1. Please verify whether segment 79-92 includes one or more residues that are under 30 Å from E39 (Cβ atoms) and open to solvent by 70 Å² or more (accessible area, probe 1.4 Å).
2. In segment 59-78, which residues are surrounded by 11 or more Cβ atoms within 10 Å (Cβ to Cβ) and assigned to a helix (DSSP H, G or I)?
3. Check segment 10-27 and report whether any residue there is within 30 Å of D66 (Cα to Cα), at pLDDT below 70, open to solvent by less than 100 Å² (accessible area, probe 1.4 Å) and within 28 Å of the chain's Cα centre (by Cα).
4. Condition test on Y91, is it modelled with pLDDT under 80, at negative phi and not hydrophobic (A, V, I, L, M, F, W, C)?
Amino acid sequence: FERKTVKMKLATLALLAGSAAAFAPSKVAQTSTALNAFESELGVQPPLGFFDPLGLLDDADQERFDRLRYVEIKHGRIAQLAFLGQIVTRYGITLPGDIDYS
């Protein structure tokens, strides 16, 4: 009976140690890439840093980065307006007039 309790205590201790290790901070390696030029831009957050999964800015300069950021904000605003238009139309608010071409 005592052997079982010792095994149970060891198993519990191993589980507690394993779960504590899961929440320990891990070391993030610093990599040196061409994307370090944009590491100080707005939106760069740890642990990813500058996130460019498609590699659109591999050979880009600051002008190209600014252009892509401008276009992304513009498309985001258009998408927000489209969503708002969908919600307003479903609520029952429509523009006056008939769309019938006949």
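The values are calculated or read from the model by the stated rules, or taken from the named source; none is laboratory data. Only a predicted model underlies this, so the values are computations on that prediction, with no experimental measurement involved. Cβ sites come from the backbone with ideal geometry, for glycine too, and all protein chains shown count toward neighbours. Heavy atoms of the whole protein, side chains included, go into the accessibility calculation; ligands, DNA and RNA do not. Shrake-Rupley method; radii C 1.70, N 1.55, O 1.52, S 1.80 Å.
1. The initial filter retains those residues of segment 79-92 that are under 30 Å from E39 (Cβ atoms), namely 79-80.
So of that shortlist, the ones also open to solvent by 70 Å² or more (accessible area, probe 1.4 Å) come out as 80.
Yes, some residue in segment 79-92 is under 30 Å from E39 (Cβ atoms) and open to solvent by 70 Å² or more (accessible area, probe 1.4 Å).
2. Residues of segment 59-78 surrounded by 11 or more Cβ atoms within 10 Å (Cβ to Cβ): 60, 64-69.
Hits for segment 59-78 are R64, F65, D66, R67, L68, R69.
3. First, the residues of segment 10-27 that are within 30 Å of D66 (Cα to Cα): none.
No, segment 10-27 has no match at all.
4. Answer is no for this residue.
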